[in-house]
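S.K.: Please see the structure below; I have some questions.
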Amino acid sequence: MISSVNSSAMQAGMPPRPEGQALSDTQKESVSDILSSYDPENLSSEDAASIVEQFKEAGIEPSKSLNSALSSAGFEGKNIAELAGMGKPPPPPPPQQEASNLPDNSTFSITV
């Protein structure tokens, strides 16, 4: 069975959260305090990563309520997530060396 997925959460690289999960008054205050240190018009990737980390430390999880609080403060949740590198797949591993490029410093002996 396939279930519906909250597309905004998936775009941000975060697991979907219940639609009705509201922030507590303490969490709303934490969001406000955290965001007060940043300028939404000049947000760097380091700033966004710091915001995400501070939200995690405060126990604030992605939700519609958080997105609403971000919007009220002049921030866009999607922009913060993108700048923080959330939702991006990890870089591919470095290419493997081919056997022909490996040094020939091994010796083998076969006994019959």
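The values are calculated or read from the model by the stated rules, or taken from the named source; none is laboratory data. Fair warning: this is a prediction, and the values are worked out from it, not measured in the lab. Cβ: placed from backbone, ideal geometry, glycine included. Neighbour counts: every protein chain shown. Surface accessibility is based on the protein's heavy atoms, side chains included, excluding ligands, DNA and RNA. Shrake-Rupley method; radii C 1.70, N 1.55, O 1.52, S 1.80 Å.
S.K.: Would you please put 37-43, 48-54 in order of how densely packed they are, using the mean number of other Cβ atoms within 10 angstrom per residue and starting with the highest? Could you put the intermediate results ahead of the total?
M.R.: Details: 37-43: 12.0, 48-54: 17.3.
So the peptides 37-43, 48-54, ranked by packing, come out 48-54, 37-43.
S.K.: Subtract the Cα-Cα distance of Asn79 and Gln54 from 0.36 nm times their separation in residues, and report this length gain in nm to one decimal.
M.R.: That pair, Asn79 and Gln54, stretches by 7.4 nm at full extension.
S.K.: Follow-up. Which residues does the label zone of Ser24 cover in the range 44-67, counting backbone N under 16 Å from a point 7 Å along Cα→Cβ?
M.R.: 55-62, 66
S.K.: Note down the accessible area of Ile110, probe 1.4 Å, to the nearest 10 Å².
M.R.: The value for Ile110 is about 150 Å².
S.K.: For Ser44 and Lys88 in one chain, what is 0.36 nm times their gap in residues minus the Cα-Cα distance, to one decimal in nm?
M.R.: 14.2 nm
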